[in-house]
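Read through the structure below, which is laid out as structure tokens, and then see the notes.
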Amino acid sequence: MLFQGFADVVMSGIISVPVSKSREKHCKVMIEVSVEVDASGLNCPLPLLRLKKALQSMHSGEVVRVIATDPAAHLDFGVYSEQTGNRIVEFLQESERQIFYIKKK
């Protein structure tokens, strides 16, 4: 599924993701991803708008993976998550990009 007018990559499958840095370095968790949104290079509010668009087409319990390079994305996604009840399952910081795994309520 590809959203009209967006260059989002949408996929379905199970991927292996390293857990937070505070946990065991080689420990991995399996997260089933229904949708992937690549918001690299976009600034506020576009990463959040892409997330909202993706969530509209998803079912409860599905997970969206969002890749963002906007340094403030974690603030926007955190507030949005609190306001909507969609839960950030995992957050990874890799160099200049942030990766969010968000489960739809």
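What follows is calculated from the coordinates using simple rules that are stated; it is not laboratory data. The model shown is predicted, which means the values in this text are computed figures rather than measured ones. No Cβ is skipped: glycine too gets one built from the backbone with ideal geometry, and neighbour counts run over all protein chains shown.
Ordered by the number of other Cβ atoms lying within 10 Å of each residue's own Cβ, fewest first, S95, S57, S81 fall into the sequence S95, S57, S81.
Ranking of H74, H59 by neighbouring Cβ atoms within 10 Å, starting from the fewest: H59, H74. Set the Förster distance to 22 Å, then compute FRET efficiency between Q93 and M30 from the Cβ-Cβ distance, nearest 0.05. Calculated value: 0.60.
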